[in-house]
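**Student:** I'd like to ask some things about the structure below.
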Amino acid sequence: MTQEAESNASRYGRCATWIEQARAAGALPTAVVYPCSRDALAGALEARDAGLIDPVLIGPEASIRAIAEREARDLAGCTIDDVERPVDAARHAAQLAHDHRVAVLMKGSLHTDELMSVVIARGAGLRTGRRISHVFVMDLPTHDRPLLVTDAAINIAPSLAVKADIVRNAIDIARALGIDVPKVALLSAVETVNAAIPSTQDAAALTEMAARGEISGAILHGPLAFDNAISAAAARIKGIESPVSGDVDILVVPGIEAGNILYKALVYLANALAAGVVAGAAVPIILTSRADSPASRTASAAVACLRARYTQP
């Protein structure tokens with residue numbers, strides 16, 4: 001283990017645990033879609049070296065080999081499927097997943113919408129009964145538990161029905177990580193239902209849906225402002241009684257702007273390590289950014305592999 005890896009294992013103990021759990025279960029075959037940049041190829045090879053995935057690199061073979069040679073990266077153990085165009089690489093990856101030849105997809109250097117448009121296409125066979133959504137799993141050195149933030153990357157202004165699937169997808173991720181009954185805070189700016197703030201109405205409706213059993217496997221409450229979700233003391237001072245305050249596992253944001261700002265604030269101001277996964281398709285999708293650290297990329301692979309192995313009880 002390198003000095004950097006040892007430091008990350010000490011600082012981000014939860015992520016280290018998830019990586020070890022995924023490694024112990026065995027590497028999963030993973031289609032890496034168009035790894036035609038230094039960072040995209042590095043992400044796949046780092047996950048391979050961590051014992052998490054067996055990569056199937058899909059893209060122009062000459063370009064992939066040239067990048068590996070330039071960066072002094074070893075391609076041992078990798079399968080390369082020679083596909084020239086990004087969209088064709090995405091289609092090929094989707095077919096591999098549909099045929100159960102891979103268990104996970106990993107985004108390479110193509111645009112996110114190029115990959116996701118193929119995944120959600122009816123002919124790809126990867127759609128389920130749920131809306132696809134994104135989940136960030138945050139390991140914060142300053143917080144006593146991981147936090148899941150959803151959706152900060154896929155759904156821009158989700159409807160109530162879409163939010164219900166966003167919650168269900170996040171619950172599955174949490175349970176795959178060993179959180180048996182996750183507590184879900186439905187965030188807004190205030191704690192009371194206000195017709196002028198639609199997210200408060202959605203939060204109240206989702207809470208009622210959970211009470212009726214339409215969303216199961218978790219405890220939901222909202223609307224809640226961020227402070228009252230995170231801090232039991234803040235909720236107590238304001239006279240708010242909530243089964244999730246101070247004990248929350250999943251933060252459901254009103255829309256993509258709030259989610260994006262929240263997750264980046266946690267990363268850049270609270271030194272969180274963020275693992276990003278797309279859920280709701282037939283296979284989980286590792287969706288990383290060029291700005292992600294190697295530790296974040298590896299953690300994302302670990303979370304995706306744990307989700308791929310998780311089966312609902």
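The values are calculated or read from the model by the stated rules, or taken from the named source; none is laboratory data. Computed from a predicted structure; not experimentally measured. When we count neighbours, we look across all protein chains shown, and the Cβ atoms used for this are built from the backbone with ideal geometry, even at glycine.
**Student:** Is it the case that SER109 is touching a strand residue (DSSP E or B) at 6+ places or on another chain (Cβ under 9 Å), closer than 28 Å to SER293 by Cα, modelled with pLDDT under 95 and not hydrophobic (A, V, I, L, M, F, W, C)?
**Tutor:** Criteria met by SER109.
**Student:** To continue, here is another question. Hey, any hits in the stretch 7-22 for a residue that's outside any helix (DSSP H, G or I) and buried (at least 21 other Cβ atoms within 10 Å of the Cβ)?
**Tutor:** yes
Listed here are the residues, each with its yes/no results for (1) at pLDDT below 95; (2) buried (at least 21 other Cβ atoms within 10 Å of the Cβ); (3) within 22 Å of ALA121 (Cβ to Cβ); (4) in the same structural domain as LEU110 (by TED's automatic domain parsing).
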site: PRO60; (1), (2), (3), (4): no, no, no, yes
site: ILE64; (1), (2), (3), (4): no, yes, no, yes
site: GLU71; (1), (2), (3), (4): yes, no, no, yes
site: ASP82; (1), (2), (3), (4): no, no, no, yes
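**Student:** Something else now. Going by what's in this entry, would LEU251 be described as surrounded by 17 or more Cβ atoms within 10 Å (Cβ to Cβ), without any contact (Cβ under 8 Å) to a residue 60 or more places away in the chain and assigned by TED's automatic domain parsing to the domain that holds ASP139?
**Tutor:** Spelling it out, it is not the case that LEU251 is surrounded by 17 or more Cβ atoms within 10 Å (Cβ to Cβ), without any contact (Cβ under 8 Å) to a residue 60 or more places away in the chain and assigned by TED's automatic domain parsing to the domain that holds ASP139.
**Student:** Further question: Mind counting the residues in the stretch 274-295 that are crowded, with 24+ Cβ neighbours inside 10 Å and within 14 Å of TYR12 (Cβ to Cβ)?
**Tutor:** 2
**Student:** Which is modelled with pLDDT under 95 and closer than 27 Å to ALA153 by Cα, of ALA40, ALA22?
**Tutor:** On inspection, the qualifying residue turns out to be ALA40.
**Student:** Now, a different point. Contact list please: Cβ distance under 7 Å, first residue in the stretch 24-40 and at positive phi, second residue in a strand (DSSP E or B), pairs at least six apart or on different chains.
**Tutor:** Matching pairs, first to second residue: TYR34/ILE58; TYR34/GLY59.
**Student:** Counting only residues that are in contact with a strand residue (DSSP E or B) (Cβ under 7 Å, 6 or more places away or on another chain) and farther than 30 Å from ALA103 by Cβ, give me the strands (runs of 3 or more DSSP E) lying completely in the stretch 195-313 with at least 2 of them.
**Tutor:** 219-224
**Student:** Please work out which one of (1) touching a helix residue (DSSP H, G or I) at 6+ places or on another chain (Cβ under 6 Å); (2) among the small types (Gly, Ala, Ser); (3) not assigned by TED's automatic domain parsing to the domain that holds GLY178 is the condition SER245 fails and give its number.
**Tutor:** The one condition SER245 does not meet is (3).
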